[in-house]
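The values are calculated or read from the model by the stated rules, or taken from the named source; none is laboratory data. The structure presented is a predicted model; accordingly, all values stated were derived computationally and were not measured. Methodologically, a virtual Cβ is constructed for each residue, glycine included, from the backbone with ideal geometry; neighbour enumeration extends over all protein chains shown. With ligands, DNA and RNA removed, areas are computed over all heavy atoms of the protein, side chains included. Shrake-Rupley method; radii C 1.70, N 1.55, O 1.52, S 1.80 Å.
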Amino acid sequence: MLDAALDEMQAVPAGPVWRAVPPEVKSALTDEPVPWQGRPLADVFAEYRALIEPYTVGNRHPRFFGWVHGQGTPSGMLAQMLTASLNINAGGREHAGAYVERAVVAWWARVFGFPEGSSGIVTSGTSMATLLAVLVARTQTLGVEVRGRGLGDARLAGYAAVSAHHCLHKAFDAAGLGHAAIRRIPVDGDGRMRVDALQQALAHDRERGIRPFFLYATAGSVNTGAVDDLARLADLAAQEALWFHIDGAFGALAMLAPARRGLLQGLERADSLALDFHKWLHVPYGSGLMLTRHASVHRATFADEVHYLARLREGTAGGDPWFCDFGLELSRGFGALGVWFAMREFGLERLGEAIEHDCLMAEALGTRLERIPEIRLAAPVRLNIVCARYAAPGLSAEELDERNAAIVVELQTTGVAVPSTTRIGGNLVMRFNFTNHRVRPNDLEITAAAIEAAIGRFREGPGGTSV
Ligand SMILES: *Cc1c(COP(=O)(O)O)cnc(C)c1O
């Protein structure tokens, strides 16, 4: 199985980026009866190879540009194997895994300029890290009694750009705050939260007796890679006594690329930071981090005293505090090992070079697409994301939306490349994200040529416009 997996991984670039799951494969997977009787492992593996392995999302391929997906690495797979082999329950107790996770948290705290003694936990991703951060901020604002009493009649509000990721919605829902308590702040032409509009929203809420408590800044927005003015937002958060949270899901890792680091000025002042290792660090899914400078509030938000989890001075039940004191899960996987392997094997400098490479590839694709007469960039390429729109004259906005979607679908279904779509200023655009250490200039050319070919068929096809 190990040999086969390595061979298969090696063959990925030569195959299609994505292929449709055939109906008979879907039914072979979903119509099976409950497997009361076991089978030889070799048979199960054969089934895996036939039904599962060929029909993946495609994010290991050099021409996968959709959403924000990491690629993984062969050694990342091996680290996952070792993680499973040890089968550590990393929720607590005295074992080397806890010290690995502490080292990982402390290393990243240092990389991001957080103070010594900052606290954090490896999570399944940014969504979970965001929920944890909102809960810690809630404790900081209302006191630890909120855990027992609930929110009561507290009227709290949070603030985020209109373009902020919806994981904040889920976090506010789950924390009992309700996502109606999030004020959506407009952005400027560069996709950055407008500070004047934020100030107005804060004043408006204070006048109505609502307590502003949470400012959600974005370092690398999911649509365009925009980075909010973190230093200015940090100032404002300090003045207004707001918890300053940064969504750095992928963008925070631009800290590893010296040429991009300047964009992140002010990040070191965050009260909490959420980010992913499974995107721009290429650790296999799911792997993220929540970091906060408020270690004692972090622990007070999640720690409980129960007899069956009592800590002892020595022995297996030593090692206080346990990571279950810093998050929602008790039993939890040893996700820190994959991060530790990636950091130690590649080193942060080389991981930063891969990030820089992606930013340069994004710039190059932007330049290449702009040379196609009917294509316009829908947003400036500031980091690692290109949003472009096919905008031939003489067609309505809806017709153009349909054609942009049609180009994306054609690239996907022919297996040439996988971009995704989003909307910028109401218009549907093609979106190319680079968290892809395998992409090379030739992959950009193949993708651009396929787009040109699709546009050529619009020109010829029925109802096409001649340019
Ligand atoms: C991916 C992403 C998230 C959510 O992270 P998950 O790891 O998918 O939970 C949040 N914010 C941004 C900017 C993202 O790109």
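Here are the numbers:
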| read-out | value |
| --- | --- |
| Index of the failed condition, residue 183 passing every other in (1) open to solvent by 30 Å² or more (accessible area, probe 1.4 Å); (2) charged (D, E, K, R); (3) over 27 Å from residue 224 (Cα atoms) | (3) |
| Any hit, the stretch 280-290, residues being closer than 19 Å to residue 242 by Cβ and at pLDDT 95 or above | yes |
| Extreme residue, nearest to the chain's Cα centre (by Cα), among residues of the stretch 368-385 that are open to solvent by less than 20 Å² (accessible area, probe 1.4 Å) and more than 30 Å from residue 352 (Cα to Cα) | 375 |
| Condition met for residue 388 (of a type in the set (Gly, Ala, Ser), closer than 16 Å to residue 223 by Cβ and open to solvent by 20 Å² or more (accessible area, probe 1.4 Å)) | no |
| Test for residue 359: is it within 21 Å of the chain's Cα centre (by Cα) and either of a type in the set (Val, Ile, Thr) or outside any strand (DSSP E or B) (or both) | yes |
| Qualifying positions in the stretch 421-439 - touching a helix residue (DSSP H, G or I) at 6+ places or on another chain (Cβ under 6 Å) and of a type in the set (Ser, Thr, Tyr) | 421 |
| Top-ranked residue in the stretch 89-130 [being among the polar types (S, T, N, Q) and away from the ligand (no atom under 16 Å from the Cβ); ranked as farthest from residue 230 (Cα to Cα)] | 89 |
| Every residue from the stretch 186-228 that is surrounded by fewer than 22 Cβ atoms within 10 Å (Cβ to Cβ), among the β-branched types (Val, Ile, Thr) and touching a strand residue (DSSP E or B) at 6+ places or on another chain (Cβ under 6 Å) | 187, 210 |
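One line per residue, one yes/no per condition, for (1) in contact (Cβ under 8 Å) with a residue 24 or more places away in the chain; (2) of a type outside the set (Phe, Trp, Tyr); (3) within 16 Å of the ligand (Cβ to nearest atom):
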residue	(1), (2), (3)
262	no, yes, no
275	yes, yes, yes
289	yes, yes, yes
294	yes, yes, no
302	yes, no, no
307	no, yes, no
341	yes, no, no
348	yes, yes, no
364	yes, yes, no
